[in-house]
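A.B. asks: My structure is below; once you've seen it, I'll send some questions.
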Amino acid sequence: AVAVGLFVSVLLHEMAHTFYALRHGGEVHGITLMIVGGVSELAQVPKRPRDEALMALVGPLTSLGLAALLGAVTWGVHGLGLFQVQFALFTLAMLNAVLGVFNLLPAFPMDGGRIVRAALTPRLGMVRATRVAA
């Protein structure tokens, strides 16, 4: 159940990127999911660096939001005699917190690296900013 929950969490993380991209004129070819993460396959990078940064940020924010929600539900079932359910919820909350924070590491092509690249692009240009973020 925890593995399925983690897979759904990664899907929601990637869907957040996808919905943001689509809402801002992007085109998404698909989403590749793996148990350790996923990748939204964009047809092109957003034109404005600000849009790229926000698109990169919504995934980790979704994961951190799921961590908070699952943590609250974990606390809510405390004392109901549902230890296994509580443990699974707690585990998923922690995994989502780790997923959100890990993705914010400033190393391209992770979300944090995309945010760094977007911040550097106006000063360095896309190519140099990508090299620095990588």
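The values are calculated or read from the model by the stated rules, or taken from the named source; none is laboratory data. All of these numbers come straight from a predicted model, not from anything done at the bench. Positions of Cβ are backbone-derived with ideal geometry, glycine not excepted, and every protein chain shown enters the neighbour counts. Heads up: the accessible areas ignore ligands, DNA and RNA and are worked out on the full protein's heavy atoms, side chains in. Shrake-Rupley method; radii C 1.70, N 1.55, O 1.52, S 1.80 Å.
A.B. asks: Among Ala16, Gly76, Pro106, which residue has its Cα furthest toward the positive end of the charge dipole of the chain, with +1 on Lys/Arg Cβ and -1 on Asp/Glu Cβ?
C.D. replies: Positive-most Cα among the choices belongs to Pro106.
A.B. asks: Roughly how compact is the chain, stated as its Cα Rg over 2.2 N^0.38 Å to two decimals?
C.D. replies: 1.17
A.B. asks: Just tell me, in residue order, which DSSP H segments of the chain are both 18 angstrom or longer along the helix axis (alpha-carbon based) and at least -0.5 in mean Kyte-Doolittle hydropathy. Can you show the working numbers first?
C.D. replies: Numbers: long enough: 2-23 (31 Å, 1.24); 49-76 (40 Å, 0.95); 83-103 (30 Å, 1.49); 111-124 (20 Å, -0.01).
Membrane-span-like by this criterion, though nothing is claimed about a membrane: 2-23, 49-76, 83-103, 111-124.
A.B. asks: Further question: Could you do me a favour and compute the accessible area per residue for region 39-134, 1.4 Å probe, result in Å²?
C.D. replies: Working: 5650 Å² over 96 residues.
I get 59 Å² per residue for this part.
A.B. asks: Hey, got the dipole for the chain? About the Cα centre, +1 on K and R Cβ, -1 on D and E Cβ, debye to the nearest 20?
C.D. replies: On the way: 9 positive and 6 negative charges, 113 e Å.
Charge dipole, the chain, about its Cα centre: 540 debye, nearest 20.
A.B. asks: Given N residues in region 83-132, what is its alpha carbon radius of gyration divided by 2.2 N^0.38 Å?
C.D. replies: 1.69
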